[in-house]
Amino acid sequence: MLHASQQYILPDNVPANEFMNLEGDKIVNQPGWSIEMHDYLAEFPDKPDVLRYALLTNCLKQRTSEFNMEGL
């Protein structure tokens, strides 16, 4: 739809990442194996950008990344 409208400059390169592991296992859509934002903010109030920065700088384009709370 954006292309058909001819009103927008569309990206010609969209980077994609491989998987990210949490504590050695893949982050999946199951309860208990994720980073819940409300839990993180309860433990680290006023630091939402720290987690965001850590996740973005840890993502690699060519291979699986590893994330752990200790390294944060």
Counting only protein heavy atoms and using a 1.4 Å probe, what share of the accessible area of the chain belongs to carbon plus sulfur, as a whole percent? 53
Express the accessible area of the chain per residue in Å², computed with a 1.4 Å probe while the remaining protein chains stay in the model. 89
Cα-based shape type of the chain, given that a ≥ b ≥ c are square roots of the gyration tensor eigenvalues and the cut on a/c is 1.5: prolate
In nanometres, the difference between 0.36 nm per residue of separation and the alpha-carbon distance of Ser34 and Asp12 is 4.7 nm
If packing is taken as the average number of other Cβ atoms within 10 Å across a peptide's residues, how do 36-43, 8-15, 65-72 rank, most packed first? 65-72, 36-43, 8-15
Separation of the Ser5 and Lys47 label points, Cα + 7 Å toward Cβ, nm: 4.0
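The values are calculated or read from the model by the stated rules, or taken from the named source; none is laboratory data. Everything numeric here is computed off the predicted structure, so don't read it as measured data. Here Cβ is always computed from backbone atoms with ideal geometry, including for glycine, and neighbour counts include all displayed protein chains. Keep in mind that these areas ignore ligands, DNA and RNA; they rest on the heavy atoms of the full protein, side chains included. Shrake-Rupley method; radii C 1.70, N 1.55, O 1.52, S 1.80 Å.
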